[in-house]
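A.B. asks: One structure follows; several queries about it will come next.
The values are calculated or read from the model by the stated rules, or taken from the named source; none is laboratory data. All values derive from a computational prediction rather than experimental measurement. When we count neighbours, we look across all protein chains shown, and the Cβ atoms used for this are built from the backbone with ideal geometry, even at glycine. Just so you know, the surface numbers come from the protein's heavy atoms only, side chains and all, with ligands and any DNA or RNA stripped out. Shrake-Rupley method; radii C 1.70, N 1.55, O 1.52, S 1.80 Å.
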Amino acid sequence: MRFDIINIILLILLIESNAFGHVEKSTFQNQGDFNSGIIYLTSGDKIECELKYNVQSNIVYGKMDDQDTKAFAADMVIYFETLVEEIRTKFYSLPFDFFKTGRPEYYFFQVIYENNDLFVLSNYSLSIHNTKDISTGRSLSELSKNEHIYLVQGSSGLKPFLRAVGYYNNELQNQRKVKTYKILDRDLPETFFGNYYHDIISYMKYEKLKFKRISDLSRIMSYYSELKNE
């Protein structure tokens, strides 16, 4: 069996001297496009290629130099990176028991924030719904993104914290229509931040930040990292 979650992460950080140390921008990737990227395999191979990540099948596809396309399941990959419109996005392959079967399987988690042993990670699914424009009666297709946010610190493993659901109208170039948030574990911040919890809350009040906003989570984690390093 492969390393546990944090051993994998720490190994990667040691290998990659330019590992992400700041906020990652969350991108809403077009699943039909191949983009420049790098795939790091469990075999030790590093593949620089055009790649495409299929969220629903949990597979990343790499277009090789000979134009053949190879499929890599999550359990074959340590992590991969994509570069879309100058925005670099990173995905780790990590074990998680989504269905509470007692048998964790490997899934890709997008990096929202990463600094030393602190991480905010995202796992999401996409689905298409048919709806109607109330004003015109015209049929529209709507894309929904069901996203779960996890906090990681040291060897604590993935801690589910936040669920975000966004609806996007395809005909408006994925313009956000509705987005809702739900905190899954309200007790997690106090246990996660420990002795720094009250400092974090004071900082959030001063900066008008909220745990429910994913972009705010990155700022909160960055401040927490500063407190730990003082």
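A.B. asks: Determine whether SER135 is out of contact with any helix residue (DSSP H, G or I) (no Cβ under 6 Å at 6 or more places or on another chain), closer than 24 Å to ASN229 by Cβ, at pLDDT below 85 and not in a strand (DSSP E or B).
C.D. replies: No, not satisfied.
A.B. asks: Just the residues that are assigned to a strand (DSSP E or B) and either more than 14 Å from PRO160 (Cα to Cα) or open to solvent by 70 Å² or more (accessible area, probe 1.4 Å) (or both), please, taken from the stretch 95-108.
C.D. replies: If the condition is that a residue be assigned to a strand (DSSP E or B) and either more than 14 Å from PRO160 (Cα to Cα) or open to solvent by 70 Å² or more (accessible area, probe 1.4 Å) (or both), then GLU105, TYR106, TYR107, PHE108 are the ones that fit.
A.B. asks: With respect to the numbered conditions (1) in contact with a strand residue (DSSP E or B) (Cβ under 6 Å, 6 or more places away or on another chain); (2) farther than 18 Å from VAL152 by Cβ, which one is the sole condition not fulfilled by PRO95?
C.D. replies: (2)
A.B. asks: Answer yes or no as to whether ASN54 is under 17 Å from the mean Cα position of the chain (by Cα) and open to solvent by less than 40 Å² (accessible area, probe 1.4 Å).
C.D. replies: Answer is no for this residue.
A.B. asks: Check ASN115 against each of (1) touching a strand residue (DSSP E or B) at 6+ places or on another chain (Cβ under 8 Å); (2) open to solvent by less than 80 Å² (accessible area, probe 1.4 Å); (3) within 21 Å of SER155 (Cβ to Cβ) and name the one condition it does not meet.
C.D. replies: Tallying (1) touching a strand residue (DSSP E or B) at 6+ places or on another chain (Cβ under 8 Å); (2) open to solvent by less than 80 Å² (accessible area, probe 1.4 Å); (3) within 21 Å of SER155 (Cβ to Cβ), ASN115 fails exactly one: (1).
A.B. asks: Any chance you could count how many residues in the stretch 190-221 are of a type outside the set (Gly, Ala, Ser), over 16 Å from SER156 (Cβ atoms), open to solvent by 50 Å² or more (accessible area, probe 1.4 Å) and not in a loop (DSSP other than H, G, I, E, B)?
C.D. replies: Residues that pass the stated criteria total 6.
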